[in-house]
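To keep things clear, I will list the structure first and then write my remarks on it.
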Ligand code: BV8
Ligand code: ZN
């Protein structure tokens, strides 16, 4: 980890002094569990599409089998992985700091499987399919689909109430974020005195605006990311390392 021990110590002191903490995670949080990030190249059946082009309502309506197959491939990859030490460090920290708010852009369930509760999913979840017509929640037939690495086209299941197609329970580009989760996350960012931002490229709005909201309202911002992002300019601490390596050191006994 190329994080200077002094910046790590200073960041630990800032956490110790904080009274209201928000933890904000992006796809880089799940990378070391083997879940591809949105920046990673698309593979197999979807290699010719940028993720942003597939993660839309129009793409789904145009080719439901291609898009449902992509989400089932992603769901199968997530079910085949485990949360890593960084997810566990966040879960243990939240148990010691009940007022800490965990906000994620991720659609996987790794925070929950590490023991975090009340996770605010701003971009929905792969594990909550619903009917595209009547919004009735759907259920998966098999808990762990074994999808081939290159993926395959899959006909989406049908709604039990109106026979409409099921859609993934995620927020697609061009769709609004879930109001309750978004309002809660926005107020938490406005009111916190420290935000820890892990594994996000800071490119997808409105979620990507949360760190700036926190800083504008006087909070200290700690960023954990091996790469530079637009957040480097506003973070008080840029810990250039990975989620799995940095989080256990940063949050240990804090
Ligand atoms: C909205 C679910 C408006 C789906 C996702 C045209 C029309 C409409 C809207 C727009 C438009 N143009 C722009 C917009 C706004 C748009 C947007 O921001 N687009 C971007 C591309 C510019 N936003 C939206 O559309 C949002 N809705 O604006 O609605 C509206 C208002 C009113 C009424 C109607 C509409 C909805 C955005 C949500 C999209 N859905 N996910 C799915 O998963 O398939 S977002 C998706 O991309 C992911 O969930 C993820 O959140 C995001 C990618 O961001 P990151 O999480 O940051 O991940 P990324 O891969 O980018 O970066 C990973 C980072 O981790 C990197 O920095 C890397 O260095 C780091 N890393 C890597 N390894 C590690 C690590 N860090 C730590 N440790 C490691 N080991
Ligand atoms: Zn229906």
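A few remarks follow.
- Of the residues making up region 155-172, those that are farther than 13 Å from residue 128 by Cα and within 16 Å of ligand 1 (Cβ to nearest atom) are 156, 172.
- Those helices (runs of 4 or more DSSP H) of region 23-77 in which 1 or more residues are within 16 Å of ligand 2 (Cβ to nearest atom) and buried (at least 16 other Cβ atoms within 10 Å of the Cβ) occupy 57-62.
- Residue within region 132-142 that is at pLDDT 95 or above, over 20 Å from the mean Cα position of the chain (by Cα), within 11 Å of ligand 1 (Cβ to nearest atom) and over 19 Å from residue 199 (Cα atoms) present: no
- Qualifying residue in region 94-117 (condition: touching a helix residue (DSSP H, G or I) at 6+ places or on another chain (Cβ under 6 Å) and farther than 28 Å from residue 175 by Cα): yes
- Restricting attention to region 144-172 and to residues that are in contact with a strand residue (DSSP E or B) (Cβ under 6 Å, 6 or more places away or on another chain) and assigned to a loop (DSSP other than H, G, I, E, B), the residue that is surrounded by the fewest Cβ atoms within 10 Å (Cβ to Cβ) turns out to be 157.
- Cross-chain or 6+ apart pairs with Cβ under 7 Å, region 141-162 first and under 20 Å from residue 79 (Cβ atoms) and touching a residue at least 12 places away in the same chain (Cβ under 8 Å), then outside any loop (DSSP other than H, G, I, E, B) and within 16 Å of ligand 2 (Cβ to nearest atom): 154/68; 156/64; 156/68; 156/165; 156/166; 157/166
- Residue check, residue 216 buried (at least 17 other Cβ atoms within 10 Å of the Cβ) and either within 16 Å of ligand 1 (Cβ to nearest atom) or at pLDDT 95 or above (or both): no
- Residue satisfying all of: in region 222-254; near ligand 1 (Cβ under 8 Å from one of its atoms) and not in a helix (DSSP H, G or I); nearest to residue 21 (Cα to Cα) among these: 224
- Residue check, residue 202 more than 23 Å from residue 75 (Cβ to Cβ), part of a loop (DSSP other than H, G, I, E, B) and modelled with pLDDT of 95 or more: no
- For region 105-132, a residue qualifies if it is under 28 Å from residue 64 (Cβ atoms) and assigned to a strand (DSSP E or B), and the qualifying residues are 121, 124, 130, 131.
- Candidates in region 173-200 are the residues that are closer than 24 Å to residue 70 by Cβ and surrounded by 19 or more Cβ atoms within 10 Å (Cβ to Cβ); of these, the one that is farthest from ligand 1 (Cβ to nearest atom) is 177.
- Cross-chain or 6+ apart pairs with Cβ under 8 Å, region 42-56 first and farther than 16 Å from residue 147 by Cα, then part of a helix (DSSP H, G or I) and at pLDDT below 80: 54/46
- Among the candidates 129, 137, residue that is within 16 Å of ligand 2 (Cβ to nearest atom), without any contact (Cβ under 8 Å) to a residue 60 or more places away in the chain and touching a helix residue (DSSP H, G or I) at 6+ places or on another chain (Cβ under 9 Å): 129
The values are calculated or read from the model by the stated rules, or taken from the named source; none is laboratory data. The shown structure was predicted, so the numbers you read here are calculated from the model rather than taken from an experiment. Positions of Cβ are generated from backbone atoms using ideal geometry, with glycine treated the same way; all protein chains shown enter the neighbour counts.
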